[in-house]
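What follows is one structure encoded as structure tokens, with my remarks underneath.
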Amino acid sequence: MTSRDRRMRAVQNLVGKAARCRANVLVEGECGVGKMYFARRIHEASEAASLGFASIFCRPETRPGGEGKRVVAFLEAREGDRGTVYVRGVDLLDALSQRVLLAYLDARESRAASGRARVTPARLIFSSHRNLLDESRAGRFSGRLYMRISVVRIRVPPLRQREADIVPLARYFVGLYSRRESKRIRSLSREAEALLRRSTWEGNIHELKNVLSRAVVMADDGDSLGARELGSMLRRAGAWRRGSMRRDGEAGERLQREDKWPSVTRSKS
């Protein structure tokens, strides 16, 4: 299933190219857009699909360099895995931690180039909430580290910029959660679909999933989901802004957990 959004089709094309190489990949996007999903897609479509997929989340650290050492120790412990390691939130590393990580990547590249590498290292995928090219130009992120980790760079657009995908995704999730709850939720009303398209979705896919999961749980078997039912869920989630749509879409760290979601297109029927 593919998206009708031009930018998402470009993302899917880059995911395919990333899966066919072992170069470092950087996935950027707001919280909740599905960065973990795309990292897994790259892994599962690669030659390392049968091998391990490990992830580590970079935490803001008050002790300069401490987080960089923790991340590098994690990477070194998995050098012989030959699978994929996903480093989440690399933009959260302080300046000294960035230098620690860069030194590790430089040494790793040097060993590979000279043939001194004793094992095939895991392929690396990094993610960032921020645009690291802009951050490096502003002096807030190491330019050399940015170049090291972004051989393939994938920017995932926020859900509010993909209006054509909102309703197809919503229908998919309603069906998914209906089966999970053993309910027969018939459909979304037209008014409910219009309401979903008007919403800001600051939490992106994660917020859409949360709202629809809650709506299905609260609905009675055999119901359809209308604007009234979804409206209360949206107000509770803080997604609905009557008559306008905020464009910043900056979500909090609480939405960091990222699991799988599909990219879908509207049915022609």
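None of the figures in this text is laboratory data; all of them are computed from the coordinates on show. Just so we're clear, the structure is a prediction, and the values are computed from it rather than from any experiment. Reconstructed Cβ throughout: ideal geometry from the backbone, glycine too, with neighbour counts over all protein chains shown.
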Charges at C-beta only: +1 for Lys and Arg, -1 for Asp and Glu. How large is the resulting dipole of the chain about its Cα centre, in Debye rounded to 20?
520
Place +1 on the Cβ of every Lys and Arg and -1 on the Cβ of every Asp and Glu in region 22-72, take the dipole about the Cα centre, and give the residue among GLY29, GLY65, ILE42 whose Cα lies farthest towards its positive end.
GLY65
Name the residue farthest towards the positive end of the dipole of the chain from the options ALA18, VAL87, ASN131, assuming +1 on Cβ of Lys and Arg, -1 on Cβ of Asp and Glu, about the Cα centre.
ALA18
GNM, the chain, Cα, under 10 Å: largest mean-square fluctuation among THR200, THR62, THR84?
THR62
Roughly how many debye, to the nearest 20, is the charge dipole of region 34-157 about its Cα centre, given +1 on each Lys and Arg Cβ, -1 on each Asp and Glu Cβ, and no other charges?
60
When all C-alpha to C-alpha distances in the chain are sorted into bins of 5 Å, what percent of pairs does each bin hold, rounded to whole numbers?
1, 6, 12, 15, 16, 14, 11, 9, 7, 4, 2, 1, 0, 0
At a 10 Å Cβ-Cβ cut-off, how would you order LYS69, LYS17, LYS35, LYS209, fewest neighbours first?
LYS17, LYS69, LYS209, LYS35
Hey, what do the phi angles of region 63-80 turn into as Karplus ³J(HN,Hα) couplings, whole Hz, using 6.51/-1.76/1.60 and θ = phi - 60°, x for Gly and Pro?
8, x, x, x, 6, x, 5, 5, 5, 4, 4, 5, 5, 5, 5, 10, 5, x
For ALA54 and SER110, calculate 0.36 nm times their separation in residues minus their Cα-Cα distance, and state this gained length in nm to one decimal.
17.8 nm
What nm value, rounded to one decimal, do you get for the distance between CYS21 and ARG228 when each label is placed 7 Å out toward the C-beta?
5.5
Shape box of region 160-248 [Cα atoms, principal axes, largest first, Å]
37, 20, 20
Rounded to the nearest 20 debye, dipole of region 98-183 from Cβ charges on Lys, Arg, Asp, Glu
220
Using a cut-off of 17 Å between alpha-carbon atoms, which aspartates and glutamates can reach LYS69, once sequence neighbours fewer than 8 places away in the same chain are excluded?
GLU61, GLU79, ASP91, ASP94, ASP106
Obtain the nm distance between the two label points defined at ALA10 and ARG184 by a simple spin-label model: each point lies 7 Å from its Cα along the Cα-to-C-beta direction.
4.5
Choice from GLU207, GLU28, GLU191 showing the highest fluctuation, given a GNM over the chain with Cα pairs closer than 10 Å:
GLU191
If each K or R counts +1 and each D or E counts -1, the residues other than SER46 whose Cβ falls under 10 Å of its Cβ total +2
Can you tell which of GLN161, GLN98, GLN12 shows the greatest fluctuation in a Gaussian network model of the chain with Cα springs below 10 Å?
GLN161
Can you show me the helix-derived [θ] at 222 nm for the chain, built from DSSP H runs with n ≥ 4 at -39,500 (n - 2.57) apiece and divided by the number of residues, rounded to the nearest 500.
-14000 deg cm²/dmol
Order of CYS58, CYS21 from fewest to most other C-beta atoms within 10 Å?
CYS21, CYS58
Spelling it out for ILE154: with amide H atoms placed in the peptide plane at 1.01 Å from N, the residues 5 or more places away or on another chain with amide H under 5 Å from its amide H are LEU26, VAL27, GLU28
Quick one: what do you get for region 6-155 if you divide its Cα Rg by 2.2 N^0.38 Å?
0.99
